[in-house]
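Please read the structure below before turning to the comments.
Just so it is clear, none of the values below were taken in a lab; they were calculated from the coordinates. The shown structure was predicted, so the numbers you read here are calculated from the model rather than taken from an experiment. Heads up, the Cβs are rebuilt from the backbone with ideal geometry, glycines too, and the neighbour counts pull from every protein chain shown.
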């Protein structure tokens, strides 16, 4: 599933892999992010896989790409919250590119912690 790995995370980039996570994952939404999490099929991987996408409503490619960069940066700051062997998809909503970075990190952290409680329950 993962295409590239940087540090503790593997990055999901292929369209079919993104669709699999969206279809099979549990979703949590917040003001600026939608986050899906699902168990990676097949073998047990030593790291988590993360994909960052953008939703509809961005004015242009510049703002869409800025939102993706901020989403990836937030994911890297919070990489210890991603469970190995699980795939995560982070959807950035319009406004991410203009919001205070510290607030984005707090919001994503809150969502990932809620999902991590669900992941721990699924392991049982």
Beta bridge orientation in the stretch 4-116: antiparallel %, DSSP, nearest 5: 60 percent
The chain, relative contact order in percent, only Cα pairs under 8 angstrom and at least six apart counted: 29 percent
Cβ-based exposure ranking for 49, 30, in which fewest neighbours within 10 Å come first: 30, 49
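Can you give the extra length, in nm with one decimal, that the chain gains between residue 27 and residue 103 once fully stretched, where that is 0.36 nm per residue apart less the Cα-Cα distance?
Result for the pair: 25.3 nm of gain on full extension.
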Acute angle (nearest 10 degrees) that the helix 101-123 long axis makes with the longest principal axis of the chain, alpha-carbon atoms: 20 degrees
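Helix-only estimate, please: 222 nm mean residue ellipticity of the chain, summing -39500 (n - 2.57) across DSSP H runs of length 4 or more and dividing by its residues, to the nearest 500. Kindly include the intermediate steps, with their values, before the conclusion.
Numbers: 3 runs with 50 residues, N = 124.
For the chain, the value works out to -13500 deg cm²/dmol.
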Cβ-Cβ FRET estimate between residue 16 and residue 61, R0 fixed at 25 Å, reported to 0.05: 0.65
GNM result for the chain, Cα springs below 10 Å: residue of 23, 61, 87 fluctuating most strongly: 61
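Among rounded, prolate and oblate, which fits the chain when a ≥ b ≥ c are the square roots of the eigenvalues of its C-alpha gyration tensor, a/c under 1.5 means rounded, and a/b larger than b/c means prolate?
Note, shape of the chain comes out prolate.
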47, 19, 70, 27 arranged by Cβ crowding within 10 Å, fewest neighbours leading: 19, 27, 47, 70
Rounded if a/c under 1.5, otherwise prolate or oblate - the stretch 17-88, Cα gyration tensor axes: prolate
